[in-house]
Structures are given as structure tokens and as C-alpha cells.
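Step one of this worksheet: look at the structure below.
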Amino acid sequence: MAHDTHVLDRPPEGASADWTIPQNWQAYTAEEHATWDKLYARQAKLLPGRASKAYLNGLDALRLSESGIPNFEELSERLMKLTGWQVVAVPGLVPDNVFFDHMANRRFVAGNFIRRPDQLDYIQEPDVFHDVFGHVPMLADPVFADYLAAYGRGGNRALELGALKQLGRLYWYTVEFGLVREEGDLRIYGAGIVSSFAESVFALESDSPNRIGFDLKRVMRTDYRIDDFQQNYFVIPSYAELLRATVETDFAPLYDEILGQPDIPIAEILPGDEVITRGTQEYANSKR
């Protein structure tokens, strides 16, 4: 995900002008492939009945169950046939305009390193498991793939209008930590949830978080935290509705309105909210 600050202001040595680097798939060690397999096996047992059908279908269509860290070239070939997207390796966090440009052009940027075996449960910087296992299956869904491309197109406009923080909240509460209604039940699709063993259960089963019906303006005003489980989850009715709300909205006047209003504290419930579950906030001050 895009970040407000970056250590680097130009592509590092070995990177292309667009910040992409070779995945260098042949350099992965047996231990690194084994780490992927362990993480995959753990989530594969957990996600049926919890993850969205779109996510699970993408997992199958892209053949991510094959052993070892996926080869981005082979993965991109499958993905391109489905939705026109590809996966490209980058050397960590990239500048916001680079991130948005890749996304607008249906290139998903992914880190090519994998966490250490002692980091299975949580890693602060997104690794190849978070980026590929978490994000890429949803890119096999045509509607969600269109949403993410639209988000990329809107990103540079948000930069110009000084509203990056507000647009970033939309990414956080949908692409990273979104829930969706499917056949009357809540399902997970956000990459930060589906790639996390603990949060895959917490997001659906814990009494702690609020679960609130999605509203674009509400989401873009709502704070979030990055160091613990979520205190709020926003629930979309469908991917088609998420796409519609994004492409049919003129964001410039929306930003003008939002930027003149105070941010909404993370756990606050507003009178107009569609409250699906009101959380106890029991875990609001815990650490992972």
C-alpha cells in the first residue's frame, strides 16, 4: 500500500525507472519456499467458509496451491488472461505516484522477500505472502480488478488535491481490511485479513470490533491504526456496489467537503451508521 513517507526518492541501484526489479525467483532458498508452504497450508484450512467466494475462486484460478513461492512471470500470465493485471516486483515501499501509476495500468506491485520463520504470525512490512496470497486472488475477479484500477487512477488526483490521507483510508478499509455480504453472511476479502491467521478469525467471530455498513464518505473520514487488530470493519454489499460508488463519484467536491470536517475517531459510532455489530472494543489496546 502507498505510504506517506519514503526512505528513497529515486529508484535504487538495479531497479528500473518505474521502480520494478526482477523477482529473482531462482534465488529463493528451500527454507523460504517452505515458509510460504507453511503459511499457505495454515490459511487454506482456515479460509473456506470465512473468505469471499471471489477470493477463493481466485486462489484456484491462479493455482496458488502449487508448492513454493509463486513465480511472478507465470502468475502474471494467468492473471493477464483473466483480468489484464500482472504482478511486478519492487524493492519495498515505493513513492505514492509510482504506486498509483502501476495500479492504474493494472500492475500490482509486490515485495519479493518473505518473512522469517519466526515471523509467521505478524510482519510489519508487507512481504510476498501478504502481497501475493493476500491481494492477488481478488485481482482475478473482474469487478474487483476494475475497482483497483479505478483506485489507481484516482490516486494521483488525490495527491494533486491534498487528499491522500482520505483516499488511503478507502484502501485500508476495503482492499486491506474489507468485509463483504455474501448470501446473507459476512465474508472476508481484505488482504490484511485473509493473509493473517489470527485476524481471519477475529474479523468475523470476535465481539470486539464494530462492523458497519460501507459508506464512502464515512470511510474516508475514519481514522485507523496499523499496530493491532482493527477496531472497525466496513461491510460492502457487493463488489459491484463498491465499484459503482467509486467510479460514479466526483471526488473533488467530496474531498472539499471532507477536508473541512474533523476526522472520525476510530471506534466512534455515528447516528447514521448501519451498525451490523457494535463491538465491545475489548481488544482495542492489545498488541498482536
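The values are calculated or read from the model by the stated rules, or taken from the named source; none is laboratory data. For clarity, every value in this text was computed on a predicted model and none was experimentally measured. Don't worry about glycine lacking a Cβ; one is built from the backbone with ideal geometry, like all the others, and counts go over all protein chains shown. The accessibility values were calculated without ligands, DNA or RNA, using every heavy atom of the protein model including side chains. Shrake-Rupley method; radii C 1.70, N 1.55, O 1.52, S 1.80 Å.
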>> Heavy atoms only, 1.4 Å probe, whole protein assembly: order Asp131, Asp101 by accessible area, highest first.
In response: Asp101, Asp131
> Stretch Ala240-Arg10 to full length: gain in nm at 0.36 nm per residue minus the Cα-Cα span?
Replying inline: 79.1 nm
>> Between Glu77 and Asn24, how high is the FRET efficiency from 1/(1 + (r/R0)^6) when r is the Cβ-Cβ distance and R₀ = 22 Å? Nearest 0.05.
In response: 0.75
> Accessible area, 1.4 Å probe, largest first: how do Leu167, Leu120 sort?
Replying inline: Leu120, Leu167
>> Need the list of lysines near Lys53 for cross-linking: C-alpha distance under 25 angstrom, and skip anything on the same chain fewer than eight residues off.
In response: Lys38, Lys45, Lys81
> Considering amide H positions built from the backbone, and no H for Pro or chain starts, which residues 5 or more places from Glu182, or on another chain, come under 5 Å of its amide H?
Replying inline: Arg187
> Say each of Ala150 and Gln124 gets a label point 7 Å from the Cα, pointing the same way as Cα to Cβ; how far apart are those two points in nm?
Replying inline: 3.5 nm
> Which cross-chain or sequence-distant (5 or more) residues have an amide H under 5 Å from the amide H of Gly92, H modelled 1.01 Å from N in plane?
Replying inline: Asn112
>> At 0.890 mPa s and 25 °C, plugging the Kirkwood radius over alpha-carbon pairs of the chain into Stokes-Einstein gives what diffusion coefficient in µm²/s?
In response: 127 µm²/s
> Excluding same-chain residues fewer than 8 positions from Lys165, which lysines have a Cα within less than 17 Å of its Cα?
Replying inline: Lys217
>> Please compute the alpha carbon radius of gyration of region 141-288, then divide it by the globular-protein estimate 2.2 N^0.38 Å. Two decimals is fine.
In response: 1.01
> Net charge near Asp250, counting Lys/Arg +1 and Asp/Glu -1 over other residues with Cβ under 15 Å of its Cβ?
Replying inline: 0
> For region 4-78, which trypsin sites (Lys or Arg not before Pro) are both in a DSSP coil and crowded by at most 13 other Cβ atoms within 10 Å?
Replying inline: Arg63
> Tell me, in nm to one decimal, what length is gained between Tyr224 and Asp185 on full extension, where the rule is 0.36 nm per residue of separation less the Cα-Cα distance?
Replying inline: 11.6 nm
>> Could you sort the peptides 265-272, 140-147 by per-residue average Cβ neighbour count (10 Å cutoff), highest mean leading?
In response: 140-147, 265-272
> Rounded to a whole number, what % of the accessible area of the chain do carbon and sulfur atoms account for, probe 1.4 Å?
Replying inline: 50 percent
> For region 223-232, what does the Karplus curve 6.51 cos²θ - 1.76 cosθ + 1.60, with θ = phi - 60°, yield as ³J(HN,Hα) per residue in whole Hz, taken in order and with x for Gly and Pro?
Replying inline: 5, 8, 10, 10, 9, 7, 4, 6, 8, 10
> Hey, what's the Cα Rg ratio for region 77-194 versus the globular rule of thumb, 2.2 N^0.38 Å?
Replying inline: 1.07
> Given the rule -39500 (n - 2.57) for each run of at least 4 DSSP H residues, summed and divided by the residues of the chain, what is its mean residue ellipticity at 222 nm, to the nearest 500 deg cm²/dmol?
Replying inline: -11500 deg cm²/dmol
> Do you know the relative contact order of region 1-158, to the nearest whole percent, from alpha carbon pairs under 8 angstrom that are 6+ apart?
Replying inline: 30 percent
> Can you give the accessible area per residue of the chain, in Å², using a 1.4 Å probe?
Replying inline: 45 Å²
